[in-house]
Amino acid sequence: MTIAAHALAWLELARRQGRGVLTSEEVAASVNTNAVVVRRSLGDLRRAGLVTARRGKGAGFCLGRPAAEITLLDVWLAVSPEPLLALHHCEPNLACPVGRGIRPVLTGLYDEATDAFRTALAHWTVTDVLERTLA
């Protein structure tokens, strides 16, 4: 999520500066990580339509839609396929009073927390992140 948000903010800044396309190496230099890591994240963002990839001369990545229309919820959904909070994959011991009742309690709590998390991310756009970063 952090790499993806960073990459999108950098792509928006580059666009504002007249550079519509950045290579994964340029994005990786800003993130200070390997370009392979950045390409994986950019691939997730491309599949979600948040960035586009150009091939050939002038190859690289650019935003797939205006930064003001890309929420951090969009970003999270693109790069985080698993649930934010999940129950253990094994069924608890139903003979135990805690094991018998814990799953519905935690499911309700996790659903509530996930809804609050999604609501918070939906209020922020890539433009918001960039403007606060540059302030």
**Report entry** Flag if TRP124 is open to solvent by 40 Å² or more (accessible area, probe 1.4 Å) and closer than 15 Å to MET1 by Cα
**Finding:** yes
Query raised in the report: Among the residues of the stretch 18-30, which ones are surrounded by fewer than 16 Cβ atoms within 10 Å (Cβ to Cβ), assigned to a helix (DSSP H, G or I) and of a type in the set (D, E, K, R)?
Result: GLU25
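Find the helices (runs of 4 or more DSSP H) located wholly in the stretch 45-135 whose residues include 2 or more that are among the acidic types (Asp, Glu), and list them.
Details: elements: 72-79, 97-122, 126-134.
Correct list: 97-122, 126-134.
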Report summary line: Per the filter on the stretch 26-65, residues within 17 Å of MET1 (Cβ to Cβ) and of a type in the set (Ser, Thr, Tyr) are SER30, THR33, SER41
Report summary line: Counting only residues in the stretch 31-43 that are of a type outside the set (A, V, I, L, M, F, W, C), open to solvent by 50 Å² or more (accessible area, probe 1.4 Å) and in a helix (DSSP H, G or I), the one nearest to LEU77 (Cα to Cα) is identified as ARG40
Report summary line: When HIS89 is run through (1) free of Cβ contacts under 8 Å to residues at least 24 places away in the same chain; (2) in contact with a strand residue (DSSP E or B) (Cβ under 9 Å, 6 or more places away or on another chain); (3) open to solvent by 70 Å² or more (accessible area, probe 1.4 Å), the failure sits at (2)
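The values are calculated or read from the model by the stated rules, or taken from the named source; none is laboratory data. Please read all numbers here as calculations on a predicted model, not as lab measurements. Positions of Cβ are backbone-derived with ideal geometry, glycine not excepted, and every protein chain shown enters the neighbour counts. Keep in mind that these areas ignore ligands, DNA and RNA; they rest on the heavy atoms of the full protein, side chains included. Shrake-Rupley method; radii C 1.70, N 1.55, O 1.52, S 1.80 Å.
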